[in-house]
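**Q** Provided herewith is a single structure, encoded as C-alpha cells, for subsequent inquiry.
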There are 2 protein chains.
Amino acid sequence: MEGVPTKKNSQVTAAPARRGELLATAAEVFAEQGYKATTVRRIADHAGMLAGSLYYHFDSKESMLEEILRTFLDELWDGYDAVLKAGLGPRETLEALVTESFREIDRHRAAVAIYQKESRQLAGQERFAFLAESQRRFEKTWLETLERGVAEGVFRDDLDVRLTYRFVRDTVWVAASWYRPGGQHSPEEIARQYLSMLLDGIAVRE
Amino acid sequence: MEGVPTKKNSQVTAAPARRGELLATAAEVFAEQGYKATTVRRIADHAGMLAGSLYYHFDSKESMLEEILRTFLDELWDGYDAVLKAGLGPRETLEALVTESFREIDRHRAAVAIYQKESRQLAGQERFAFLAESQRRFEKTWLETLERGVAEGVFRDDLDVRLTYRFVRDTVWVAASWYRPGGQHSPEEIARQYLSMLLDGIAVRE
DNA sequence: GACCTTCCCTAACAAGTGTTTGGCAGGCTA
DNA sequence: TAGCCTGCCAAACACTTGTTAGGGAAGGTC
C-alpha cells in the first residue's frame, strides 16, 4: 500500500481519449498564436470548457507543450531510424529522409510549426533539453548523409556542407507553416518536387 | 498658434540618435524572445533605463514593433525596386533578388527574424496591414520572375511555380535565424552558394 | 440506495503585464 | 539668474496571466 500514485494526470501511461483531443486542440492554438501569446483560457474556449478545467488533465500549460513536442519527436525519430537502418546509399537516404519529413509534417503539422517557432528559446530550459538533444542527432544524421554522398561522388564537392545542411533542413521544415493537409499536393508529391529541385536545380540544362 | 504639435515622439520626421538606438535594442530582444514574450521592462533593462522611460520616446510597445518592421520593409523594397528597374533577364533578376535579400538579412537581421516569426499573426491587424501588402507585392514579384524564366526557357517547366516560389522564399529568409554578421560567410558568398544549389542542384551530373 | 470515480464549474489568488502621471536633474538660451 | 527643453526616474494604476481549491453533477459498481 505504499507508493500508490495519487495523481492520475501527468505523463502516466494511461492516455484517455479526451486527453489526446485536448492536446490536439492546444497544439493548434499554440501553432497559430505562438506559445507565449496563447492563454489557457483560449485553449479552454476551443475545447469547450473553462480554463481551470484543463488542470484536471494537465499539470500546467508548459507540460502540455512538452507532451506535444515529445510525442512529435518520438514519432519523427521512429520514422528516421527506420530509414537509417535500411542501409541505403546517400542519395536514396536523403530522398527517404526528406519524404519521411514531409509525411511527419502531414501528420503533425501543428507540432512541427510549434517546434520551428519555439524550439530555439525552449532548448535552453532544462525541461526541454530533449529538443537540443534531438537537434544534435538531426544535424549529425544529415551531415553524415551529405558527407557520405560527397565522398562517394554523388553530391557536389564544391559546396559548403554545413550551408547545404541548413538549407535542406530549413526548407523542409518551414513547409509546415504553409502546408495544409488535404490540399492540392500530397506529402509525397511535395517531397518529389522538392527533391527534384534540390538535386537537379531549377535551371534548364544546356 | 494653432495645431502646434504637443507630442514630440510618435513617427514625426525628427529621429534623435537615441531613438534609433532604442529601436535597435528592442529589435534584438524581440528577435530573440519573440514579441509577445518580450516585456517592456526587459527592453528597458537592455537599454539601461526603466520601463516607463521608454514611453518618453514611443507611444507603445506595439508602435516600436511597427516602426522596426516599417523601416526594414521600406529599405528592402528600395533594394528590390532598384533590381527590378534594371530590366534584367529572369535568371539575372532572380540572382540579383536573392543577393539583395541576403544583404538585407545582413543589415536587418533582427527585423527579418521578427518579420518571419510574427508577420503571419500581425498581418491580420489593421495597424500592420502593410505587412500583408508587402507580402502580396513580394509574391507577385517572385512569381512573375519565375514564370518569365519558364516562358523564356531558362527555368524548368515541369515544376509547380507556386511550390518553387515558396521554397525560394522560405529558404532565403529563414537564413536570418542562423546568420550572424561578421561570421564565416559574407552575404554575397551565401547568396552565391545558395544560387548555385537552387539553379544547378546538389547532385553530380553524369 | 450508497459509494466512488470521472469530468467539469465557480471563484478566487498572486504575480506580472503595458501604461500613465508627476517630478527632478542637467544643459542650453536669453 | 531665470526659464525652458530634454531625458529619465519613482510610483502607481488597471488588467491579464497561470494556477488552485472546493464543490457538484453524471454514470457505473456493489
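**Q** Taking N as the number of residues in segment A:60-200, what is its Cα Rg relative to 2.2 N^0.38 Å?
**A** Details: Rg = 15.4 Å, N = 141, 2.2 N^0.38 = 14.4 Å.
Relative to the 2.2 N^0.38 Å estimate, segment A:60-200 comes out at 1.07.
**Q** Let me ask you something else. Which aspartates and glutamates have a Cα lying under 17 Å from the Cα of B:LYS61, excluding residues fewer than 8 positions away in the same chain?
**A** B:GLU21, B:GLU28, B:GLU32, B:ASP45, B:GLU118, B:GLU126
**Q** Using a 7 Å offset from Cα along the direction of the beta-carbon, what are the separations from B:ALA123 to the same position in each other copy, nm, ascending?
**A** 2.7
**Q** Enumerate the amide H contacts of B:PHE155 below 5 Å, restricted to partners 5 or more residues apart or on another chain; note that Pro and chain-start residues carry no placed amide H.
**A** Under 5 Å from the amide H of B:PHE155 lie the amide H atoms of A:VAL204, B:VAL150, each far enough along the sequence or on another chain.
**Q** Now, a different point. Whose amide H sits under 5 Å from the amide H of B:MET49, counting only residues 5 or more places off or on another chain, with H placed in the peptide plane?
**A** HN-HN under 5 Å from B:MET49: empty list.
**Q** Pairing the Cα long axis of helix A:109-122 with the longest principal axis of chain A, what angle in degrees results, from 0 to 90 and rounded to the nearest 10?
**A** With both axes taken from Cα atoms, the answer is about 90 degrees.
**Q** Right, here's the next one. Tilt of helix A:61-85 relative to the longest C-alpha principal axis of chain A, in degrees (0 to 90, nearest 10)?
**A** That works out to roughly 30 degrees.
**Q** In addition: Relative to the other copies, what are the label-point distances for A:GLU75, with labels 7 Å from Cα along the C-beta vector, expressed in nm at one decimal and sorted shortest first?
**A** Taking the point 7 Å beyond Cα along Cα→Cβ, the inter-copy spacings are 4.2 nm.
**Q** Would you mind calculating the relative contact order of segment A:60-200 from Cα pairs under 8 angstrom and at least 6 residues apart, reporting the percent as a whole number?
**A** Values: 88 pairs, mean separation 49.2, N = 141.
Over segment A:60-200, the number comes to 35 percent.
**Q** Once you have a ≥ b ≥ c as the square roots of the Cα gyration tensor eigenvalues for the protein assembly as shown, tell me rounded if a/c is under 1.5, and otherwise prolate or oblate according to whether a/b is larger than b/c.
**A** oblate
**Q** While we're here: Loop-only GluC sites (Glu not before Pro) in segment B:106-168, please: DSSP not H, G, I, E or B, and at most 14 other Cβ atoms within 10 Å. Each step should come with its number before you reach the end.
**A** Working: sites: B:GLU118, B:GLU126, B:GLU133, B:GLU139, B:GLU144, B:GLU147, B:GLU152; in loops: B:GLU152.
Sites meeting the loop and neighbour criteria: B:GLU152.
**Q** Assume the label is 7 Å from Cα along Cα to beta carbon: what separations in nm does B:GLY183 have to the matching positions in the other copies?
**A** Spelled out, the distances from B:GLY183's label point are 2.7 nm.
Read-outs throughout are calculated quantities, based only on the coordinates presented, and are distinct from any laboratory measurement. Fair warning: this is a prediction, and the values are worked out from it, not measured in the lab. Positions of Cβ are generated from backbone atoms using ideal geometry, with glycine treated the same way; all protein chains shown enter the neighbour counts.
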